[in-house]
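What follows is a short report on a single structure.
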């Protein structure tokens with residue numbers, strides 16, 4: 001199955017299924033000499049790991065990462081870095097009732113129509129479980145970008161369903177399971193999720209991610225624009241239905257006199273462009289917003305069809321995230337890091 005590799009010079013190829021023996025990735029193009037251990041990757045994986053609160057799936061995976069190649073005596077060698085994460089808590093029997101039916105809003109239907117074969121256990125290849133190797137690869141990119149260019153990448157949740165989360169402080173983000181930057185909103189978020197789980201339903205979320213201190217000049221015209229590649233990567237994340245850069249759709253109501261970021265000898269006066277002009281980084285913070293749809297695996301019965309085209313009622317049992325956006329912040333950070341590292345290497349190759 002094609003379409004599993006992200007990047008041109010820093011390439012991440014993802015493999016595995018939700019209920020297979022393991023998932024993993026091959027990361028090719030990491031420059032030699034980067035100090036790297038499994039602990040560097042584990043730190044980010046623990047932020048994404050399931051079962052960490054009552055508001056996410058209760059699947060208990062340690063997500064213990066193994067580095068199989070590309071690192072010798074704690075340093076990257078420049079050869080492909082192979083990583084493996086074993087699946088240890090899959091419960092495939094939970095999916096026996098949907099083997100021949102399709103969950104509304106899920107990739108069950110399209111995978112079946114495209115390939116004629118699909119692994120229904122946990123969604124198989126379409127599962128958000130496959131974001132774990134991406135987070136591990138992003139940990140490598142994060143470390144390299146920070147050490148080489150001083151780039152810092154971090155994200156937060158700005159909205160959960162109807163509940164907006166006003167930004168208060170980055171310090172609050174690691175202190176709650178929602179990655180919310182506002183401690184005052186957390187009780188409301190918890191109450192909302194508790195009721196949602198009782199309803200057997202799901203909800204969407206909005207995630208913001210920021211790359212601070214990127215150099216100007218990264219990106220390529222016309223079709224390999226930096227913002228285009230960021231959007232491409234973010235849309236590769238399960239359940240993402242919208243991506244915006246900077247002002248995003250807000251630019252529709254802005255006049256040119258407002259949207260265009262004025263420049264002074266001291267720098268830009270605003271950042272409606274989100275740090276990208278003409279597909280090339282401006283040196284400002286790169287700001288990205290991602291919209292994540294509600295989870296398709298819910299206990300509420302919905303109308304669908306089976307593989308024979310007959311009408312059925314579908315109810316999904318088992319362990320699922322009622323809001324996949326709760327664990328998405330480390331993933332969008334990883335995706336942005338992978339794209340930026342790829343463009344940093346491409347810029348260095350062409351322009352020195």
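Derivation of every value follows stated rules applied to the coordinates shown; laboratory data play no part. Since we're looking at a predicted model, the values are computed, not measured. Because the Cβ atoms are built from the backbone with ideal geometry, glycine has one as well, and the counts that use them run over all protein chains shown.
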Item to complete: State, to one decimal in nm, how far the label point of residue 86 lies from the label point of residue 2, with both points 7 Å from Cα in the Cβ direction.
Response: 3.5
Worksheet item: Which angle from 0 to 90°, rounded to the nearest 10, does the C-alpha axis of helix 226-235 make with the longest principal axis of the chain?
Response: 10
Worksheet entry | Mean separation of Cα contacts under 8 Å, 6 or more apart, over the residue count of the stretch 107-229: relative contact order % | 23
Practice prompt. With an 8 Å cut-off on Cα pairs and a minimum separation of 6 or more residues, tell me the relative contact order of the stretch 227-352 in percent.
Written response: 24
Worksheet entry | Segment residue 241-residue 268, length gained on full extension (0.36 nm per residue, minus Cα span) | 6.6 nm
Worksheet item: What is the distance in Å between the Cα centres of the stretch 304-352 and the stretch 141-193?
Response: 18
Worksheet entry | Order by protection proxy (mean Cβ within 10 Å, highest first), peptides 169-182, 226-239, 325-338 | 325-338, 226-239, 169-182
Practice prompt. Provide the gained length on full extension for the span residue 184 to residue 39, in nm with one decimal, where the gain is 0.36 nm per separating residue minus the Cα-Cα distance.
Written response: 48.9 nm
Worksheet item: For helix 131-149, what angle does its Cα long axis make with the longest principal axis of the chain, in degrees from 0 to 90 and rounded to 10?
Response: 10
Worksheet item: Based on DSSP H runs of at least 4 residues, each adding -39500 (n - 2.57), what is the mean residue ellipticity at 222 nm of the chain after dividing by all its residues, to the nearest 500 deg cm²/dmol?
Response: -8000 deg cm²/dmol
Discussion item. Could you work out the relative contact order of the chain? I mean the mean sequence separation of Cα pairs under 8 Å and 6+ apart, divided by the number of residues, in percent.
Written reply: 22
